[in-house]
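So the structure is just underneath, and the comments pick up after that.
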Amino acid sequence: MHPTPTATASNIFSWPLRVYWEDTDAGGIVFYANYLKYFERARTEWLRALGLEQRHLQSTLGCIFVVSEAQIKYLRPARLDDQLLITAQLSEMGRSSFTIQQEARLQIPPTDGAPTLLCAGSVRIGWVNHQTMKPTRIPMPIQDALKR
């Protein structure tokens with residue numbers, strides 16, 4: 001069975017974030033790997049907003065979400081004190097995995113009013129048994145929550 005596209009404009013989750021000294025490299029811009037951390041934080045908060053707290057899922061169902069693939073494209077740098085908006089949007093749903101499209105944008109747009117896209121990525125998440133680390137079918141109530 002092939003994944004089913006599910007993205008619509010109404011199901012984009014956004015998480016605000018400020019760039020700190022610890023996020024930047026010697027050139028004063030956000031270190032490239034930190035965008036993956038930002039994306040992780042937004043995904044975690046998106047799941048929490050859907051009522052899917054990961055520690056609870058692990059303790060009650062014995063399964064966890066794991067990243068199986070990530071693709072990322074860097075377009076423009078973020079800098080110290082920038083206010084970013086990190087998004088997460090479900091784009092495909094499979095039996096034991098799903099794909100999320102994510103973006104990092106400047107929260108305060110430049111004078112032209114258009115938000116500046118800094119970084120875009122796609123992250124595939126698998127649902128695995130915590131003990132065996134083998135993929136397992138995502139329970140329907142969780143699939144339904146992810147599609148909200």
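Since every read-out is calculated from the coordinates, none of them should be taken as a lab result. Computed from a predicted model, the values in this text were never measured in an experiment. Cβ coordinates were reconstructed from backbone atoms using ideal geometry, including for glycine residues, and neighbour counts include every protein chain displayed.
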- Quotient of Cα Rg and 2.2 N^0.38 Å for the chain, N being how many residues it contains: 1.11
- Item | Eligible lysines near Lys134 by straight Cα distance, threshold 21 Å, same-chain separation 8 or greater | none
- Determine, for Arg18, Arg105, the number of other Cβ atoms within 10 Å of each Cβ, and report the residues in order from fewest to most. Arg18, Arg105
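Fewest first, what order do Lys147, Lys73 take by the number of other Cβ atoms within 10 Å?
Ascending Cβ contact count within 10 Å gives the list Lys73, Lys147.
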- Item | With Cα atoms, 0 to 90° folded angle of helix 34-49 axis to the chain main axis | 50
- When only C-alpha pairs under 8 Å and at least 6 residues apart count, what is the relative contact order of the chain, in percent? 29
- Task: Could you list Phe31, Phe39, Phe65 in order of exposure, starting from the residue whose Cβ has the fewest other Cβ atoms within 10 Å?
- Result: Phe31, Phe65, Phe39
- Message: Which lysines, if any, have their Cα less than 20 Å from the Cα of Lys37, not counting same-chain residues under 8 positions apart?
- Response: Lys73
- Rounded to the nearest Å, the spacing of the alpha-carbon centers of the stretch 66-87 and the stretch 11-58 is 9
